[in-house]
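Just below is one structure, and these are the notes that go with it.
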Amino acid sequence: MTTNPRPSDYKQWTREQLIERLVALEGPRSVAAGSASHSPPPASTTAASISTTKNIVATKSPKDFNFANHPKRKIALKFCYSGWEYGGLAYQTGHVTQLPTVEGVLFDAMAKARLIDPNVGMEGCGWEKCGRTDKGVSAAGQVISLWVRSAVGGASAQGEREQVEEVVKTGEEQSASDVDEDSGLPGLGEEDFGTLDLSRPSSPKPSSNKATTDFATTSKPKNELDYVAILNRLLPPTIRILAWAPVAPTFSARFSCQYRHYKYFFSSHFLDISAMREAASKLIGEHDFRNLCKVDAQKQITRFRRIVTRADIESVDSNIDVDYGERGEGMYVFNLVGSAFLYHQVRHIMAILFLIGTGLEKPSLVTKLMNVARGAEPAAGDDEDVVEAKPEYQMADALPLMLWDCGYAEEDVDWRSGSFEPDTTVSSIDEDTTRSGQGTETDLYHQLHSIWNCSRMYTLFDYHFLQAA
């Protein structure tokens with residue numbers, strides 16, 4: 001039998017060939033699970049289909065897993081990670097890093113869960129990330145997109161199954177008058193196909209003006225694999241999957257992103273916050289940031305203009321329950337939002353803000369650094385010197401930096417934390433799960449809340465060590 005037949009060939013196939021193809025598409029696991037809970041097939045069962053199924057199950061070793069027998073779909077994953085535990089986000093090829101990378105740990109977990117084929121690597125599953133973070137930098141809303149194994153299937157796998165089922169249904173309806181009620185499917189019952197919903201010969205033929213029946217539409221809610229729960233059971237506590245979303249095949253975690261939001265946390269110790277706020281406000285708009293980034297000669301970037309939509313400093317003490325006493329050392333966060341950023345741009349901007357906050361420079365320095373050519377910055381004035389070469393200064397530390405969010409159009413992503421499909425109604429969800437509060441959302445919340453409580457304890461101890469000193 002042809003491995004990858006054309007849809008037009010199905011009408012020339014025999015019933016046994018069609019059933020064998022359905023078994024291959026649905027996967028031997030569902031066939032074995034379905035047949036185990038039913039009585040043996042009748043004596044009139046076609047011997048070829050029985051032997052085929054038995055051979056598939058018998059020769060399947062526990063370690064073998066044929067990804068070709070399972071449908072795939074493209075999804076986006078949103079996750080957070082503690083940057084200080086890893087040597088950056090990007091997987092490093094060609095050399096061993098002192099610390100593991102976030103992508104490396106995540107790839108291994110997905111391969112262990114058999115969501116992706118490790119033999120094809122990241123390129124084979126269309127792996128894309130929204131924004132690269134360096135060693136020590138954390139993220140609360142990082143996003144990747146890729147093709148993974150699915151329980152309900154993507155467009156291509158679903159379409160082929162619907163075509164095969166339609167041929168089977170049409171053949172059954174045409175021969176309904178020539179068979180008895182027990183000869184619907186030779187050797188295999190409806191339940192043997194798992195999620196497949198094959199009609200009996202007596203079922204009415206679908207109307208011609210209606211699309212092909214969805215293979216997963218049944219009286220029960222159709223559940224996708226619980227990607228959030230599966231991966232969080234395998235990942236370390238320093239990496240947590242927050243949500244997943246089904247996306248179109250053309251979706252790109254990198255190029256479909258509309259904005260990126262970075263946060264940089266710092267203490268106000270010996271800093272003039274008002275001066276820093278004045279300087280930050282000058283960043284909003286489209287500017288040339290070549291003097292506020294790290295210029296990498298290997299990347300050969302010639303365009304340094306970027307658009308910043310938000311740049312402000314706000315207090316975070318309202319959410320922190322630590323008493324700073326008379327020292328007045330509150331915690332603040334610098335918010336920077338834009339469509340795209342240059343290499344180390346956020347950390348270079350923060351270094352300049354620290355120089356202004358300590359009184360070593362004035363807020364006007366930001367405008368001067370962006371004035372790379374005469375007239376580039378109208379606010380600088382005609383008499384202002386043009387800064388053509390980047391001055392020497394050390395960029396800010398990586399530890400307080402966080403990629404807070406990656407923004408996408410609502411029609412591109414529909415984030416969810418459970419396994420239910422979009423058309424699943426709330427009433428169809430298991431009531432016991434809802435009442436007990438043991439769903440994926442609550443489990444994830446309790447995990448992160450426990451980690452936060454542990455961190456608060458460390459903070460409290462460190463604060464009292466300071467008080468004792």
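Applying the Karplus relation 6.51 cos²θ - 1.76 cosθ + 1.60 with θ = phi - 60° to segment 387-393 yields 3J(HN,Hα) values of 9, 8, 10, 5, x, 7, 7 Hz, where x marks Gly and Pro.
Counting every pair of alpha carbons in segment 262-302, the share spaced more than 12 Å apart comes to 75 percent.
Volume per residue, Å³, of the convex hull around the alpha-carbon atoms of segment 220-359?
202 Å³
Quick one: Karplus J couplings for segment 252-263, per residue in order, coefficients 6.51, -1.76, 1.60, θ = phi - 60°, nearest Hz, x for Gly and Pro? Karplus values, whole Hz, x for Gly and Pro: 10, 4, 7, 7, 7, 6, 8, 7, 10, 10, 9, 10. Shown for segment 340-389: the carbon plus sulfur share of the solvent-accessible area, taken with all protein chains present and a 1.4 angstrom probe, equals 50%. For segment 229-318, the carbon plus sulfur part of the accessible surface works out to 52%, probe radius 1.4 Å. Overall form of segment 350-401: prolate. Here a/c, set by the Cα gyration tensor axes a ≥ b ≥ c, is 1.5 or more, and a/b is the larger of a/b and b/c.
Based on the alpha-carbon gyration tensor of segment 226-268 and its eigenvalue square roots a ≥ b ≥ c, which shape applies: rounded if a/c is under 1.5, prolate if not and a/b is larger than b/c, or oblate? Note, shape of segment 226-268 comes out oblate. Using a simple spin-label model with pseudo-atoms 7 Å out from Cα toward Cβ, Arg303 and Ala469 lie 4.9 nm apart.
The values are calculated or read from the model by the stated rules, or taken from the named source; none is laboratory data. Worth saying up front: this structure is predicted, and the values here are computed from it rather than measured. Methodologically, a virtual Cβ is constructed for each residue, glycine included, from the backbone with ideal geometry; neighbour enumeration extends over all protein chains shown. Only protein heavy atoms, including side chains, enter the accessible area calculation; ligands, DNA and RNA are left aside. Shrake-Rupley method; radii C 1.70, N 1.55, O 1.52, S 1.80 Å.
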